[in-house]
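Colleague: This is the structure I want to talk about, given as structure tokens.
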Amino acid sequence: MYIPKSFQLQDARLIETVLREHSFAVLVTSVGEDIMATHVPLVYDPAEAALFGHLARANPQAKHLHEAQCLAVFQGPHAYVSPAWYGLAEQVPTWNYVAVHVYGRARVIEDEETVADLLQRLVFAYDPQSPLPADRDRAYYRNLMRGIVAFRIDIARIEAAAKLSQNKPLEVRARVVQALESQDDADSRAVAAWMRRLSLTHPGDHAGNESKPKGAS
């Protein structure tokens, strides 16, 4: 991913926030000259430096997933930015956004108990009070498990961008934040919140560099 230095996001805690709060990712793989992509929830485990998920067994991408090189795209909040908000001459429209690209190699999980454990992890990530994993030993649950392909992606590197007007003067960023906060859509207000967190501090505090996640580049 092309990321100018001003927009690089390197803080492991903030990257994990994006991966957790925007975990419905696009999983991209290639087979020969063909490119395949599936929209799928992926759960990030920073301790294992891995992503976990599953595809429908009928999905053609699942047939070629084992040992495949993968790109998982996590799209955070994004919003249009009007040049009218800058209060400067000779400006053009742009788009502010937060996004994370995760690269790695996929490993299909075949062991039935390990698959059941992975499904329990995924269910609890989104529904901690779910009674569903208690059914993991029932016949209907095991039968449904046969319809999926579970996998983990061992992360090789992470690239993260927070393009939040850091290349503009501080007073201009403040005007952009105010304009975004006045919009009706949730994404605009979410971008404004990220700007308050990252680009309304010191002009040199671009996107945080306190620590990098495993695999971050």
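Throughout, read-outs are computed from the coordinates displayed, never taken from laboratory work. Nothing here was measured: the structure is a model prediction, and the numbers come from that model. Note that each Cβ is placed from the backbone with ideal geometry, even for glycine, and that neighbours are counted across all protein chains shown.
Colleague: For segment 38-79, give me the residue count where each residue is touching a Ser or Thr at 6+ places or on another chain (Cβ under 8 Å), farther than 14 Å from VAL108 by Cβ and of a type in the set (Gly, Ala, Ser).
Modeller: 1
Colleague: Select the strands (runs of 3 or more DSSP E) contained entirely in segment 1-100, then report the ones holding at least 2 residues which are surrounded by 13 or more Cβ atoms within 10 Å (Cβ to Cβ) and of a type in the set (Gly, Ala, Ser).
Modeller: 24-31, 50-56, 69-81
Colleague: Within segment 157-192, which residues are loosely packed, with under 14 Cβ neighbours inside 10 Å and either touching a strand residue (DSSP E or B) at 6+ places or on another chain (Cβ under 7 Å) or small (Gly, Ala, Ser) (or both)?
Modeller: ARG157, SER182, ALA186
Colleague: Looking at segment 96-119, can you tell me whether even one residue there is of a type in the set (Val, Ile, Thr), in contact with a Lys or Arg (Cβ under 7 Å, 6 or more places away or on another chain) and in contact (Cβ under 8 Å) with a residue 40 or more places away in the chain?
Modeller: yes
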